[in-house]
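Asker: The structure is given below, and queries will be raised subsequently.
Values in this text are rule-based calculations from the coordinates and carry no lab data. As the structure is a computational prediction, the values presented were derived from the model and not from experiment. Cβ placement follows ideal geometry from the backbone for every residue including glycine, while neighbour counts extend to all protein chains displayed.
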Amino acid sequence: MPAAIDGAIQAQGASMSTCKKYRFARKDEGVYNKRSVDHVYEDDDSSSSEEDERKQRKKERKEKKRESRHRDKRQMPPSTIDPTSGQTIIGERFILSCTSKGVTTDATGTVSLCSSCWMWRRLPNNYSPQYINELICDTTDRNCLSGYATCGVGHRTIEVIRNDTGVMTTVALSAGSYCECRVAANSAIQSLVSGAGLGTSLPAINSTAGSN
C-alpha cells in the first residue's frame, strides 16, 4: 500500500506543468520573499509616515498654542491718539452727543465757552469695566472767546481691572471729565481772568499768545 501511494505521487508530479505567467508551481523563494518583504516594508512605512504626521500635527498645535499665549501676554492693547492732547489712550471712543459753545445748557441762563462732546470709551476685552463715560472738547472747534483762548480737556483718574491671562491687575487710566476755556499766561486777556480788567483795547488775535 505505501508503495502504491508513493507511485501515485510521483506520477502526479511528473504530469504537473509549470505556469510561467503566474509562477503558481515555481518555488521561486526570491520572488515570494521579496513580495513579502516589500509588503511588510510598505506597511511599516505607511504606519511610520502616519505616526510622523500625527506627531508633526501635535507639535504644530502645541507651538501655535504657545505662540498664542505668548502673543496675548505681550500684545499691546488697542489704542488711539487723543487729538486734544496728542497722548495715546487705551481703547476707542464713540461720540454720544455734542454741545456747541454759546448755547444755554441749563436753567441758570449761562452759556458754555467751549464746544464739548459726551463719549463712550470702549476698553479692550480684558478690561473691566469695559465702557467708561468721558466728556472732552469738540476736536473740530477748540477755540473760545473769539480765538483769544483755547479749549482744553480736564482729566480725572479712574481705576479699572485688567485680566492678564488670569492675573488681575489694577490699572489707573486718565479719562476726560470736562472741557474748559483756557487763557494763555501773559496773554492780552489774562488781566480779565485775574480781575484787573483791560487797560487798553484787545490786540489782534495773532498777537495774543503769551511770551516767556
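Asker: Using the 10 angstrom Cβ neighbour count as an exposure proxy, how do 191, 115 rank, fewest first?
Answerer: 191, 115
Asker: Note the full-extension length gain between residue 158 and residue 125 as 0.36 nm times their separation in residues minus their Cα-Cα distance, in nm to one decimal.
Answerer: Extra length from residue 158 to residue 125 when fully extended: 10.1 nm.
Asker: First measure r as the distance between the Cβ atoms of residue 174 and residue 61, then evaluate 1/(1 + (r/R0)^6) with R0 = 41 Å and state the FRET efficiency to the nearest 0.05.
Answerer: Taking R0 as 41 Å, the efficiency between residue 174 and residue 61 is 0.50.
Asker: Over segment 79-183, what number does the Rg to Rh ratio reach, with both radii from the alpha-carbon atoms and Rh per Kirkwood?
Answerer: Looking at segment 79-183, the ratio lands at 1.06.
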